[in-house]
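Shown next, in structure tokens, is the structure this report addresses.
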Amino acid sequence: LSVLASIRPDSWNFPLFLHVLGAMVLVGAAAVGVAAELVAGRSEDPARLRRLAFRTLLLVGVPAWVAMRVGAEWIHSKEFGSSSEDPDWVGIGYTTSEGGGLFLLVSLVLSGVAVRRGRPALATAAGVIMTVALVGWLITVWAMGAKPG
Amino acid sequence: VGRCAIAAVVLWAISIETGRRGGDVYTRANTLAKELVANGNDQPSSELRALLRDRTGLILNCVSTLAVLLILIDMIWKPGA
């Protein structure tokens with residue numbers, strides 16, 4: 001059965017590639033953003049690390065989220081069509097991708113304001129929010145592999 | 001074990017080793033920068049600039065990234081499976 005499950009039409013490969021590549025880059029960008037925001041307060045040049053976090057989330061995180069989400073919808077349309085019944089792991093993916101996208105947006109705004117107006121508390125809040133999103137995405141990585149339900 | 005699985009393991013080993021060696025260059029730059037500051041030298045340093053612009057470090061990091069990308073392609077398209 002697992003052999004059968006690993007076989008898929010060639011036309012599914014590119015959407016899956018786009019989805020997984022987007023997710024990999026997104027998790028990497030989120031990890032850099034979280035580390036830079038939360039470590040900034042203890043560094044000698046906190047403004048520089050906060051700028052790095054903001055630019056990473058904006059220039060890498062957002063495009064990666066879009067690629068991951070577009071790829072997800074594309075592969076979903078091919079694999080499940082218009083079926084209204086999604087397995088649990090797909091539901092977990094929808095919840096964390098859309099919820100995480102909202103967290104990414106809020107974190108980006110807080111991070112941008114923190115950089116522009118020099119407010120460390122907002123940068124820390126952005127780091128904490130991104131940590132929650134990152135934990136959700138890591139759980140999703142497990143769900144996409146283990147496919148519960 | 002399929003050929004694509006062996007290829008993935010080889011690519012993974014390449015990625016880890018090139019990433020480690022590429023990182024060494026920037027670790028040396030970090031150490032040098034700290035030494036310069038500890039000695040009261042806050043001026044631009046040609047040695048530090050050379051380390052940060054080291055082509056070998058850049059190439060090794062690019063190879064490491066490319067190997068990860070190839071693992072993903074290998075695992076999805078499974079050539080030879």
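Segment A:112-149 and segment B:1-26 have Cα centres separated by 28 Å.
Compared with the dominant principal axis of the Cα atoms in chain B, helix B:55-77 is inclined by about 20°.
Rounded, prolate or oblate: which one fits segment A:4-124, using the alpha carbon gyration tensor with axes a ≥ b ≥ c (rounded when a/c is under 1.5, else prolate when a/b beats b/c, else oblate)? Prolate, because a/c is 1.5 or more and a/b exceeds b/c. Counting neighbouring beta carbons within 10 Å and listing from fewest to most, the residues B:L58, A:L104, A:L18, A:L110 come out as B:L58, A:L18, A:L110, A:L104. Going by neighbour counts of Cβ atoms within 10 Å, the residues A:H19, A:H76 line up, fewest first, as A:H76, A:H19.
In chain A, once you exclude exposed GluC sites (Glu not before Pro) (DSSP loop, at most 13 other Cβ within 10 angstrom), what's the longest stretch remaining? So the longest stretch without any such site is A:86-149. Each of A:F103, A:F54, A:F17 has some number of other Cβ atoms within 10 Å of its Cβ, and from fewest to most they run A:F17, A:F103, A:F54.
When you filter the trypsin sites (Lys or Arg not before Pro) in segment B:38-81 for DSSP loop state and at most 16 other Cβ atoms inside 10 Å of their Cβ, you are left with B:R53. Shape class of the protein assembly as shown from the Cα gyration tensor (axes a ≥ b ≥ c, square roots of the eigenvalues): oblate, since a/c reaches 1.5 or more and a/b does not exceed b/c.
Could you tell me which of rounded, prolate or oblate describes segment A:50-104, using a ≥ b ≥ c as the square roots of the eigenvalues of the alpha-carbon gyration tensor, with rounded for a/c under 1.5 and, failing that, prolate when a/b is larger than b/c and oblate otherwise?
Values: a/c = 4.73, a/b = 2.33, b/c = 2.03.
In terms of gyration-tensor shape, prolate.
The angle between the Cα long axis of helix A:88-117 and the longest principal axis of the Cα atoms of chain A comes to about 20 degrees, rounded to the nearest 10.
If we count every other residue with Cβ under 9 angstrom of A:W12's Cβ, Lys/Arg +1 and Asp/Glu -1, where does the sum land? All intermediate terms of the calculation are to be shown ahead of the outcome.
Values: positive: A:R8, A:K78; negative: A:D10, A:E79.
With Lys, Arg at +1 and Asp, Glu at -1, the net is 0.
In this Cβ point-charge picture (+1 for Lys and Arg, -1 for Asp and Glu), the protein assembly as shown has a dipole of about 580 debye about its Cα centre.
Readers should treat all values here as calculations from the given coordinates under stated rules, not as data from a laboratory. Worth saying up front: this structure is predicted, and the values here are computed from it rather than measured. Neighbour counts are summed over all protein chains in view; Cβ atoms, including those assigned to glycine, are modelled from backbone coordinates with ideal geometry.
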